[in-house]
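A.B. asks: Before I ask anything, let me first share the structure, which is written out below as structure tokens.
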Amino acid sequence: MKYLFVIASLFLLNSGFQAFAQQIDQIHDIETRVVAICSDKPDTKNILGTGFIATKHGLVVTADHVIFDEQKNRVHKNLFCSWPTYPEPLWFRLSITKRFKQGAKGRDIALLQIIPDSRVKSYPFLEIGDEFEIGDPVLITGFPLVFEKIYHWPLFRRGTIASTRYKYQDSRVIVLDLPAVDGYSGSPVFNLRNKKVVGIIKGGSVQRKGADFSVAIVIEKTDLKNWGIGK
């Protein structure tokens, strides 16, 4: 099965300049833990996709195809992220920590690092978990390209895990009963049952674009250990 790579999301959200890790008590807390990724210069016109902050030190998890330029067959240069602060976002440079996909092989995951500066000492982040099952309610958030322009506020979308038994290439995937709308690529799949991220939005079927299903790459328990999360 081939998948449509979902592109361009913008996450310009309401948060303060002093950011600290805390448990997700309200759904709107997710807004301040998602970033927009762009290239070349810090400009929303150059949005490539989305990612989410996974540690207080600014580790960003996204889909690898978000940062890969297929036309030039190389990674996009000069990566930036927009961290949602109102009324204007804070922009940070990004460095690539690790890519898990090389060519047609590997998993569609990339780790980026916010290059620190004096403005923020600690980032709010989403906790990653590996417990999920069929029927779990999930939430994704992003900026699907459904209006005449991209607005400063994300759209949340609620769905259900439809299956956990599928694999795609080198990855175990979660099938969601959500259509793959352009703009959600790299977004976290937030499990409402345990309030943890269990996957990263990849896309939907190229051959059946009208299908009401999409897939997300599963974040495995070994990933957490390898990434140094939870130590």
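A.B. asks: Between Gln26 and Glu70, what is the label-point separation in nm under the 7 Å Cα-to-beta-carbon projection?
C.D. replies: 4.0 nm
A.B. asks: Sort 31-40, 184-193, 83-92 for me by packing, meaning the mean count of neighbouring Cβ atoms within 10 Å per residue, highest on top.
C.D. replies: Highest to lowest by the protection proxy: 184-193, 31-40, 83-92.
A.B. asks: On to the next question. Cα-Cα over 25 Å: which of Lys41/Lys221; Lys72/Lys98; Lys56/Lys195; Lys167/Lys196? Mind dumping the intermediate values first?
C.D. replies: Values: Lys41/Lys221 35 Å; Lys72/Lys98 20 Å; Lys56/Lys195 17 Å; Lys167/Lys196 21 Å.
Result: Lys41/Lys221 exceed 25 Å.
A.B. asks: For region 120-150, state which chymotrypsin sites (Phe, Trp or Tyr not before Pro) are in a DSSP loop and have at most 14 other beta carbons lying within 10 Å of their beta carbon.
C.D. replies: For chymotrypsin sites (Phe, Trp or Tyr not before Pro) across region 120-150 that sit outside H, G, I, E and B with at most 14 neighbouring Cβ atoms in 10 Å, the list reads Phe147.
A.B. asks: What number comes out for the charge environment of Lys56, summing +1 per Lys or Arg and -1 per Asp or Glu over other residues with Cβ under 12 Å away?
C.D. replies: With Lys, Arg at +1 and Asp, Glu at -1, the net is +1.
A.B. asks: While we're on this one: By counting other Cβ atoms within 10 Å of each Cβ, how are Thr160, Thr50, Thr44, Thr141 ranked from fewest to most? The partial results should precede the final answer.
C.D. replies: Values: Thr160 14, Thr50 34, Thr44 17, Thr141 23.
Neighbour counts put them in this order, fewest first: Thr160, Thr44, Thr141, Thr50.
A.B. asks: Related question: How much net charge surrounds Gly129 when only other residues with a Cβ under 13 Å from its Cβ are counted (Lys, Arg +1; Asp, Glu -1)?
C.D. replies: Result for the neighbourhood of Gly129: -3.
A.B. asks: Taking 8 Å as the Cα distance limit and 6 or more residues as the minimum spacing, I'd like the relative contact order of region 137-225 as a percentage.
C.D. replies: In percent, rounded to a whole number, it is 28.
Bear in mind that the values in this text are calculations on the coordinates, not laboratory data. As the structure is a prediction and not an experimental result, all values here were calculated from the model. Don't worry about glycine lacking a Cβ; one is built from the backbone with ideal geometry, like all the others, and counts go over all protein chains shown.
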